[in-house]
Each structure stands twice: as C-alpha cells, then as structure tokens.
Amino acid sequence: MRQFKIRNRVYNWLNFKQHITISCLLCRADTTADKPLCGLCIDSLPIASNACYCCGLPMLESFSQVCANCLKKPPAFDRCISAFQYDFPVNFLIQKIKHQRQIVFLPPLVKQLSKILIHSYDDEPWPETIIPVPLHNQRLRVRGFDQSLLLARKLHTGINENSVLSLESRLVKRQKYTDSQQGLTAKRRKTNLKNAFIISKSFSFRHVAIVDDVVTTGATVSEIALLLKKQGAERVDVWCLARTAVLQN
C-alpha cells in the first residue's frame with residue numbers, strides 16, 4: 001500500500017510538471033517544466049549527420065560509410081555513435097552540466113542520443129553492457145558528480161525496453177590522476193592517459209559500449225577500448241552526446 005501511494009505521488013508530480021509553464025533555458029520562450037528546452041531550440045541543435053561509421057567524424061563523401069582515415073588506420077574502437085556535433089549551443093549545455101552541475105540540461109540531450117541508438121541498432125546486435133568512462137576519485141571530489149556515469153544510467157534506463165544490457169560502472173577504474181584533457185594536443189592527450197586505466201575484474205562480455213559525454217580526439221575511449229580488447233572483448237562501440245568535428249594536432 002505504501003509503495004502504491006509513493007508511485008501515485010510520483011505519477012501525479014510528473015503529470016503536474018506537464019502543465020507548469022517555465023522559460024526555455026536557452027531562448028526564454030514558454031515551455032513546460034518537463035521540457036526545459038523548447039521544441040524550436042531542440043530542433044535547432046547541431047545533429048551529428050553523415051558521420052563515419054568508425055570514428056564518428058563528419059564526412060564530405062556520402063557514398064561510403066567509413067572515412068579515408070579509418071580505412072587507412074582504424075581506431076581502437078569499432079564504432080562511434082554521437083547525438084550532436086560539439087558546436088554551440090551543445091558545447092554550452094555540456095559545459096553547464098559538467099562544470100556548473102546544471103543537470104537539468106541533460107535529459108533532452110540524452111533523449112536525442114537514445115533515439116539515435118535505437119535507430120542505429122535496428123539491424124545490428126546491441127552491446128551486452130555499457131561502461132562509463134570513469135573519473136578519478138580526486139576529480140570526483142572536486143566536481144561533485146560523475147557526468148559519464150550519470151549519462152550511462154539515464155541511457156540504461158531509456159533504452160533497456162529495446163535491448164537487454166547491463167551497466168558496469170566499476171569494471172574500468174581510473175588509477176592515475178591526470179591533467180585535464182581539455183586544451184591538450186592529440187599527442188599530449190595520448191601520453192597523458194598512459195596507464196591511467198585498469199580493468200578491475202575479469203569479464204565475459206564480447207560486445208561492449210563505452211559511454212562518455214564528449215569525444216574529441218578519441219584518446220580516452222581508445223585507451224579503454226585497447227584494455228577491454230586485451231581482456232577478451234571482440235567489439236567496442238563508443239556512445240557520446242557530442243563529437244568534435246575536427247581532430248586536434
């Protein structure tokens with residue numbers, strides 16, 4: 001009876017939020033409390049389209065699924081799926097989430113990524129598990145929350161009606177505190193992450209997905225993908241909210 005009352009209160013609150021008018025967090029137009037970004041702002045977000053199947057970077061050619069760079073030198077991971085390009089206002093929203101704890105911006109971005117994932121795996125098998133890119137404990141204490149874990153949890157909840165996958169939040173651990181990747185060159189990012197991660201336990205997964213908020217050069221997810229493949233994973237996909245359009249030198 002008590003559980004029923006709690007569920008009823010939650011349902012009533014969620015239903016009530018659909019009728020509360022608030023200002024869109026971007027343009028200040030009227031929207032409802034359950035949709036912090038209005039429909040026009042959501043529709044105007046820079047969608048990741050015509051991207052390479054492997055690295056997720058945009059391609060000019062439309063006749064191939066894989067870009068020339070990946071044909072020549074494939075990345076450590078097998079596929080990268082992103083919802084958006086890392087351009088304004090997506091970069092603004094993600095920075096607000098990451099550094100100012102504005103979690104209210106996350107649900108509309110996750111919703112778009114969930115739609116793209118469900119479409120992407122129409123004709124392919126889903127990964128067996130999703131693995132968020134871990135934060136070092138020192139950075140977690142400073143930031144106050146783990147944005148990749150939060151993203152992975154919301155994705156796990158949102159797409160599990162269409163797939164059967166687990167969430168392994170402790171399989172990969174960050175054992176070394178590193179400088180922030182932001183602002184570093186591609187070469188410096190790789191050396192910065194050397195021996196930064198470890199696999200904490202044995203696993204039997206053959207197909208996994210790494211979850212991160214933003215993929216820039218791919219150094220972080222590549223480092224983790226290599227570790228997972230050394231331990232027996234045969235395929236590693238990458239899921240992210242946004243992918244930068246240009247690799248850094």
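Residues being farther than 13 Å from residue 239 by Cβ and either within 16 Å of the chain's Cα centre (by Cα) or not basic (Lys, Arg) (or both): count how many of those fall in the stretch 84-118.
Residues of the stretch 84-118 that are farther than 13 Å from residue 239 by Cβ, as a first pass: 85-108, 111.
The next check asks that each one be either within 16 Å of the chain's Cα centre (by Cα) or not basic (Lys, Arg) (or both); those that pass are 85-100, 102-108, 111.
The number of residues fulfilling the criteria is 24.
Can you tell me which residue is farthest from residue 79 (Cα to Cα) among those in the stretch 22-68 that are in contact (Cβ under 8 Å) with a residue 12 or more places away in the chain, out of contact with any helix residue (DSSP H, G or I) (no Cβ under 9 Å at 6 or more places or on another chain) and not polar (S, T, N, Q)?
Among residues in the stretch 22-68 that are in contact (Cβ under 8 Å) with a residue 12 or more places away in the chain, out of contact with any helix residue (DSSP H, G or I) (no Cβ under 9 Å at 6 or more places or on another chain) and not polar (S, T, N, Q), the one farthest from residue 79 (Cα to Cα) is 22.
For the stretch 130-144, which residues satisfy the criterion of being more than 14 Å from the chain's Cα centre (by Cα) and either touching a residue at least 40 places away in the same chain (Cβ under 8 Å) or over 20 Å from residue 171 (Cβ atoms) (or both)?
Matches in the stretch 130-144: 136, 138, 141, 142, 143, 144.
Test residue 189 against the criterion of being assigned by TED's automatic domain parsing to the domain that holds residue 132, modelled with pLDDT of 95 or more and among the charged types (D, E, K, R), and give yes or no.
On the way: assigned by TED's automatic domain parsing to the domain that holds residue 132: yes; modelled with pLDDT of 95 or more: no; among the charged types (D, E, K, R): yes.
No.
I'm checking my understanding of the structure. Among residues of the stretch 49-86 that are over 20 Å from residue 224 (Cβ atoms) and touching a Pro at 6+ places or on another chain (Cβ under 7 Å), which one is surrounded by the fewest Cβ atoms within 10 Å (Cβ to Cβ)?
Once the filter is applied, the top-ranked residue is 50.
In contact with a Pro (Cβ under 7 Å, 6 or more places away or on another chain), surrounded by 23 or more Cβ atoms within 10 Å (Cβ to Cβ) and under 21 Å from residue 48 (Cβ atoms): does that describe residue 211? If you could, list the steps in order and put the result at the bottom.
Working: in contact with a Pro (Cβ under 7 Å, 6 or more places away or on another chain): yes; surrounded by 23 or more Cβ atoms within 10 Å (Cβ to Cβ): yes; under 21 Å from residue 48 (Cβ atoms): yes.
In short, yes.
Return the residues of the stretch 134-167 that are among the β-branched types (Val, Ile, Thr) and in a loop (DSSP other than H, G, I, E, B); say none if nothing qualifies. Let's see the steps before the verdict.
If we filter the stretch 134-167 for residues that are among the β-branched types (Val, Ile, Thr), which is where we start, we get 142, 157, 159, 164.
164 - this is the single residue of the stretch 134-167 that is among the β-branched types (Val, Ile, Thr) and in a loop (DSSP other than H, G, I, E, B).
Tell me yes or no: at least one residue of the stretch 94-106 is touching a strand residue (DSSP E or B) at 6+ places or on another chain (Cβ under 9 Å) and either farther than 30 Å from residue 198 by Cβ or not assigned by TED's automatic domain parsing to the domain that holds residue 151 (or both). Lay out the reasoning, then the answer.
Going residue by residue through the stretch 94-106, those that are touching a strand residue (DSSP E or B) at 6+ places or on another chain (Cβ under 9 Å) are 94, 97-98, 106.
Filter again for either farther than 30 Å from residue 198 by Cβ or not assigned by TED's automatic domain parsing to the domain that holds residue 151 (or both), leaving none.
Taking every residue of the stretch 94-106 in turn, none turns out to be touching a strand residue (DSSP E or B) at 6+ places or on another chain (Cβ under 9 Å) and either farther than 30 Å from residue 198 by Cβ or not assigned by TED's automatic domain parsing to the domain that holds residue 151 (or both).
Of everything in the stretch 168-178 that's at pLDDT 85 or above and either closer than 23 Å to residue 120 by Cβ or in a loop (DSSP other than H, G, I, E, B) (or both), which residue is farthest from the chain's Cα centre (by Cα)? Give the derivation first.
Narrowing the stretch 168-178 to residues at pLDDT 85 or above: 168-175.
Next, from what is left, pick out any that are either closer than 23 Å to residue 120 by Cβ or in a loop (DSSP other than H, G, I, E, B) (or both): 168-172, 175.
Details: 168: 15, 169: 14, 170: 17, 171: 17, 172: 16, 175: 21 Å.
Applying the filter and picking the extreme gives 175.
Of all the residues that make up the stretch 197-249, how many are charged (D, E, K, R) and either outside any strand (DSSP E or B) or free of Cβ contacts under 8 Å to residues at least 12 places away in the same chain (or both)?
Quick first cut of the stretch 197-249, residues charged (D, E, K, R) only: 201, 206, 212-213, 223, 229-230, 234-235, 237, 243.
Checking which are either outside any strand (DSSP E or B) or free of Cβ contacts under 8 Å to residues at least 12 places away in the same chain (or both) leaves us with 201, 206, 223, 229-230, 234.
Qualifying residue count for the region: 6.
The values are calculated or read from the model by the stated rules, or taken from the named source; none is laboratory data. What you see is a predicted model; the values in this text were computed from it and never measured. Neighbour counts run over all protein chains shown; Cβ positions are idealised from the backbone, glycine included.
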